[in-house]
Amino acid sequence: QVQLVESGGGLVQAGGSLRLSCVASGITFSVNTMAWYRQAPGKQRELVARITPGGTTTYTDSVKGRFTISRDNAKNTVYLQLNGLKPEDTAVYYCNRDRPYPLWGQGTQVTVSK
């Protein structure tokens with residue numbers, strides 16, 4: 001079965017940390033560029049970070065220096081380490097593979113309190 005399953009979200013105080021995980025199944029994980037997106041209430045879904053098969057990473061400006069994307073091809077898993085969390089990071093975080101066709105996970109909620 002082709003799917004992405006996220007975990008690791010939760011409620012954390014500002015300044016805290018979380019690690020999100022996304023396990024892929026049914027795809028050749030190692031050859032895929034993987035990404036994390038997020039969607040806050042009333043806002044459009046936005047790209048947070050992306051990692052290529054070779055490990056090249058990109059980040060949206062608002063998370064640079066605080067979030068880190070990584071992957072473990074042996075475990076078919078992509079991670080997102082969230083440090084220095086801010087209330088504006090509150091959102092549902094989604095794992096994504098965009099080629100050869102878009103594939104999304106169900107999302108995991110991250111809530112950051114003041």
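The values are calculated or read from the model by the stated rules, or taken from the named source; none is laboratory data. As the structure is a prediction and not an experimental result, all values here were calculated from the model. Note that each Cβ is placed from the backbone with ideal geometry, even for glycine, and that neighbours are counted across all protein chains shown. Heavy atoms of the whole protein, side chains included, go into the accessibility calculation; ligands, DNA and RNA do not. Shrake-Rupley method; radii C 1.70, N 1.55, O 1.52, S 1.80 Å.
Taking every DSSP beta bridge that has both ends in the chain, the antiparallel portion is near 90%. For segment 87-114 and segment 11-65, write down the distance between their C-alpha centroids in whole Å. Cα centres, segment 87-114 to segment 11-65: 7 Å. If the reach is capped at under 16 angstrom between alpha carbons, list the aspartates and glutamates near K64, excluding any in the same chain fewer than eight residues apart. Candidates past the 8-residue exclusion: E46, E88, D89. For segment 47-110, the Kirkwood estimate of the hydrodynamic radius, built from every pair of different alpha carbons, is 12.8 Å.
What the phi angles of segment 104-114 give under the Karplus curve with 6.51, -1.76 and 1.60, with θ = phi - 60°, is a coupling list of 10, x, 7, x, 9, 7, 10, 10, 10, 8, 6 Hz, glycine and proline written as x.
Give, as a single signed number, the net charge of other residues whose beta carbon lies under 13 Å from the beta carbon of E46, with Lys and Arg counted +1 and Asp and Glu -1. With Lys, Arg at +1 and Asp, Glu at -1, the neighbours total +1.
Under 12 Å from a label point 7 Å along Cα→Cβ of E46: give me every residue in segment 75-114 with its amide N that close. Answer for this model: 88-91.
For the chain, the Cβ-based charge dipole about the Cα centre amounts to some 80 debye (Lys, Arg positive; Asp, Glu negative; other atoms uncharged). A 1.4 Å probe run over the protein chains yields, for the chain, 52 Å² of accessible area per residue, whole-number rounding.
Compute the label zone of N83 within segment 53-72: residues whose backbone N is under 13 Å from the point 7 Å along Cα-to-Cβ. Flagged as within label range: 64-69. Dimensions of the chain from C-alpha coordinates, computed as largest minus smallest value along each principal axis and given longest first, are 40, 25, 23 Å. Counting Lys and Arg as +1 and Asp and Glu as -1 over every other residue whose Cβ lies under 15 Å from the Cβ of L85, the net charge comes to +4.
Taking every C-alpha pair closer than 8 Å and separated by at least 6 residues, the mean separation divided by the residue count of the chain gives a relative contact order of 36 percent.
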